[in-house]
């Protein structure tokens with residue numbers, strides 16, 4: 001990051017997650033079509049500059065509520081889920097229609113809290129999002145409100161956005177909000193409230209400044225945004241809070257619009273390596289000298305270089321990588337222990353025949369190990 005400013009952070013980001021709140025996207029039950037078209041132009045500009053973009057979008061319940069003409073006030077869980085079911089179709093179609101003129105394909109990804117807490121689901125969602133980005137798609141992520149209950153849901157897309165950002169190794173999360181950043185107090189009620197342009201460390205004092213939601217449509221107030229910032233920056237991802245109600249909010253951010261930047265603690269890759277290194281291994285994968293040299297050159301661990309597998313583990317569990325001279329590090333297994341034993345010592349092209357399904361080429365991918 002050339003300078004500690006929100007505009008510089010956005011200009012230098014190579015993978016950006018943008019969270020869009022319901023209050024920005026939906027007004028009186030209807031989509032703000034002009035605003036969404038302007039946002040699509042901003043996304044196209046970011047992509048033209050070489051950045052991957054993921055959109056974490058609220059709005060499905062608000063859109064569905066308007067379409068179903070449900071009454072004002074709190075909805076029962078079943079009503080919220082029904083509204084989400086109707087609204088998700090409209091939301092996905094709206095994004096497809098505004099991004100298609102820019103030559104951008106979209107894909108919908110619906111997540112629940114369980115999808116990021118369960119190891120297998122987490123790895124599957126990470127792989128899906130990475131594949132979509134590799135294919136040039138802009139994923140539209142939302143909480144799966146049609147099935148999520150209070151016990152298994154995020155409840156707000158600020159924290160979901162932070163989790164998605166960390167999952168895909170984004171270097172910047174932008175929260176488009178109805179406020180232009182963090183203040184010492186609620187600026188709507190305290191005219192003396194002071195704005196923060198930069199937060200280098202999230203202290204207890206910073207957390208204490210968080211308030212309640214400022215909009216009837218918004219589930220997350222500043223408190224959830226600061227919680228999201230803690231998740232993001234710990235994962236090596238900077239975070240920006242900025243007002244998004246005006247047209248072209250991302251372009252405005254690039255041009256110096258008021259915002260608060262939370263500074264990342266390191267970079268996404270090193271943060272992930274630290275996380276993997278801190279995990280307790282559930283097994284051991286022994287490798288030969290050739291595999292040890294390949295790992296030293298930054299390559300993935302292929303089954304052909306594995307001589308022995310110890311322990312009982314599932315896909316996504318941490319395992320010790322053991323070379324001829326001792327432990328080399330820790331990695332996340334791409335296969336469970338049964339399948340890992342079956343393919344150990346074999347060429348990658350033989351995996352499908354041995355396992356009776358088309359498996360992954362690597363037993364441990366280079367991005368999933370800390371040596």
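Please state the relative contact order of the range 12-86 as a whole percent: Cα pairs under 8 Å, 6+ residues apart?
Values: 85 pairs, mean separation 28.5, N = 75.
That works out to 38 percent.
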Check your understanding: Which whole-angstrom value gives the distance between the alpha carbon centres of the range 38-92 and the range 309-371?
Key -> 39 Å
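For residue 201 and residue 79 in the same chain, what is the full-extension length gain: residue separation times 0.36 nm, less their Cα-Cα distance, in nm? Walk me through the intermediate numbers first.
On the way: separation 122, 0.36 × 122 = 43.92 nm, distance 4.05 nm.
Here the answer is 39.9 nm.
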Exercise for review: Given the options 320, 106, 203, state which has the largest fluctuation in a GNM of the chain using a 10 Å cut-off (strictly under) for Cα springs.
Suggested key: 203
Review point. By its C-alpha gyration tensor, with a ≥ b ≥ c as the square roots of the eigenvalues, how is the range 1-109 shaped: rounded for a/c under 1.5, else prolate for a/b larger than b/c, else oblate?
Key: prolate
Review point. Separation between the residue 192 and residue 30 pseudo-spin-labels, each 7 Å from Cα along Cα→Cβ, expressed in nm?
Key: 4.4 nm
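Given R₀ = 56 Å, what would the calculated FRET efficiency be for residue 105 paired with residue 325, taking r from the Cβ atoms and rounding to 0.05?
Numbers: r = 48 Å, r/R0 = 0.86.
It comes to 0.70.
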Check your understanding: Given springs between every Cα pair under 10 Å in a Gaussian network model of the chain, which of 350, 97, 207 has the largest fluctuation?
Key -> 350
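Quote to one decimal, in nm, the extra length available between residue 37 and residue 127 on full extension: 0.36 nm per residue of separation minus the C-alpha distance between them. It would help to have the intermediate numbers written out before the result.
Working: separation 90, 0.36 × 90 = 32.40 nm, distance 2.90 nm.
Full extension of this stretch gives 29.5 nm more.
If you average the sequence gap of Cα pairs under 8 Å that are 6 or more apart and divide by the length of the chain, what percent do you get for the contact order? Spell out each step's value before the answer.
Details: 781 pairs, mean separation 57.5, N = 371.
Answer for the chain is 15 percent.
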Review point. Along the Cα-to-Cβ line of residue 269, 7 Å from the Cα, sits a label point; which residues in the range 357-371 have backbone N less than 11 Å from it?
Key: 367
Study note, to complete from the structure: Between the Cα axis of helix 268-277 and the main Cα principal axis of the chain, the angle (0 to 90°, nearest 10) is 50 degrees
Review point. Which one of 168, 20, 104 has the biggest mean-square fluctuation once the chain is modelled by GNM with Cα springs under 10 Å?
Key: 104
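Name the shape class, rounded, prolate or oblate, that the alpha-carbon gyration tensor gives for the range 6-267, where a ≥ b ≥ c are the square roots of its eigenvalues, rounded holds for a/c under 1.5, and otherwise prolate holds if a/b is larger than b/c and oblate otherwise.
Values: a/c = 1.28, a/b = 1.11, b/c = 1.15.
Rounded, because the longest to shortest axis ratio a/c is under 1.5.
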Review point. What does the convex hull of the Cα atoms come to per residue for the range 279-370, in Å³?
Key: 79 Å³
Review point. Is it possible to state the helix-based mean residue ellipticity at 222 nm for the chain, with each DSSP H run of 4+ residues giving -39500 (n - 2.57), the sum divided by total residues, to the nearest 500 deg cm²/dmol? What is it?
Key: -11500 deg cm²/dmol
Check your understanding: residue 361 to residue 185: extension gain in nm, 0.36 nm per residue of separation minus the Cα-Cα distance?
Key -> 58.1 nm
Revision key, fill the gap. Rounded to the nearest 10, the angle in degrees between the Cα long axis of helix 119-134 and the longest principal axis of the Cα atoms of the chain comes to 70 degrees
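If you take every DSSP beta bridge whose two residues both sit in the chain, what share of them, in percent to the nearest 5, is antiparallel?
Values: 21 of 52 bridges.
Looking only at bridges with both residues in the chain, the antiparallel portion is about 40 percent.
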Study note, to complete from the structure: Taking a crude spin-label model, label points 7 Å out from Cα along the C-beta direction, the residue 5 to residue 119 distance in nm is 4.6 nm
Point to revise | Using alpha-carbon coordinates, inclination of helix 222-234 to the longest axis of the chain, degrees | key: 30 degrees
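Every number here is computed from the coordinates shown, using simple stated rules; none is lab data. Being a predicted model, the structure only gives us computed values, none of them experimental. Cβ sites come from the backbone with ideal geometry, for glycine too, and all protein chains shown count toward neighbours.
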